[in-house]
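Take a look at the structure below.
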Amino acid sequence: MVAAWPSGLSAPEAATARLLGVLWFVSVTTGPWGAVATSAGGEESPKCEDLKVGQYICKDPKINDATQEPVNCTNYTAHVSCFPAPNITCKDSSGNETHFTGNEVGFFKPISCRNVNGYSYKVAVALSLFLGWLGADRFYLGYPALGLLKFCTVGFCGIGSLIDFILISMQIVGPSDGSSYIIDYYGTRLTRLSITNETYRKTQLYP
């Protein structure tokens, strides 16, 4: 007569049941379902600004009519709002984990812009062309000493007026405070390129 276990199973049956239970637990925790549960509970959602291209879309910057530059441009940087794609889960700019539907702002992307301080490129060129011999262009751009010198010498006998007109037209001479000209959004802007020690130079191939 075999002694009965409290559960009503015999000793071999109880041992078999325990073995099956252990195997089931191991298969669940190490199998594909266990991996999904572990990854879902263990991994943190990425930051929204770390999303890859195609996982979010950013709005065009709002242009200031007075400066023709993005609104809130500070230190050559402005920010535009970006929206993660639907069904994307990430941490927004406040650090909150959010499941996005495509209509919520996830983060603000920095874009480059130009600092302007009220100096118009068109006005500077017009003053240099018509009143440059009186130094009006230099007075307007914040160079009173050069403006007075041009006024007293009639634009350095016209030569200085011509040189200033070329320099201002090419945007080489700008406002004295270091800011940029106000130029139409689709107007011509000068972009200076410089070669430094970190500039990559492609090896020239000769035929």
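Can you figure out the FRET efficiency of Ile163 with Val53, using R₀ = 45 Å and their beta-carbon distance, to the nearest 0.05? Provide the component values of the computation, followed by the final result.
Details: r = 47 Å, r/R0 = 1.04.
Using R0 = 45 Å, I get an efficiency of 0.45.
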Collect residues whose amide H, placed 1.01 Å from N in the peptide plane, falls under 5 Å from the amide H of Ile182; neighbours closer than 5 in sequence don't count. Tyr119, Ser120, Tyr121
From the phi of every residue in the stretch 87-103, what ³J(HN,Hα) in whole Hz does the Karplus formula 6.51 cos²θ - 1.76 cosθ + 1.60 yield, where θ is phi - 60° and glycine or proline is x? 6, 9, 10, 7, 8, 6, 5, 8, x, 8, 6, 10, 9, 8, 10, x, 10
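What do you get for Rg/Rh of the stretch 118-182 when both radii come from the Cα atoms and Rh is the Kirkwood radius? The partial results should precede the final answer.
On the way: Rg = 10.4 Å, Rh = 11.1 Å.
Radius of gyration over Kirkwood radius for the stretch 118-182 works out to 0.93.
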Which of the aspartates and glutamates could be linked to Lys122 by a straight reach, that is with a Cα gap under 13 Å, when you skip same-chain ones fewer than 8 residues away? Asp137, Asp184
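Quick one: with all protein chains in place, what share of the accessible area of the stretch 56-115 is carbon or sulfur, to the nearest percent (1.4 Å probe)?
Numbers: 1790 of 3720 Å².
Using a 1.4 Å probe with all protein chains present, the stretch 56-115 comes out at 48 percent carbon and sulfur.
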Per principal axis, descending, Cα span of the stretch 56-115 in whole Å: 38, 18, 13
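Rounded to the nearest 20 debye, what is the charge dipole size of the stretch 42-119 about its Cα centre when +1 sits on each Lys and Arg Cβ and -1 on each Asp and Glu Cβ? All intermediate terms of the calculation are to be shown ahead of the outcome.
Values: 7 positive and 10 negative charges, 51 e Å.
Using Cβ point charges on Lys, Arg, Asp and Glu, the stretch 42-119 gives about 240 debye.
The values are calculated or read from the model by the stated rules, or taken from the named source; none is laboratory data. Model, not experiment: these values are computed from the prediction. When we count neighbours, we look across all protein chains shown, and the Cβ atoms used for this are built from the backbone with ideal geometry, even at glycine. We work out accessible area using only protein heavy atoms, side chains counted, and drop any ligands, DNA or RNA first. Shrake-Rupley method; radii C 1.70, N 1.55, O 1.52, S 1.80 Å.
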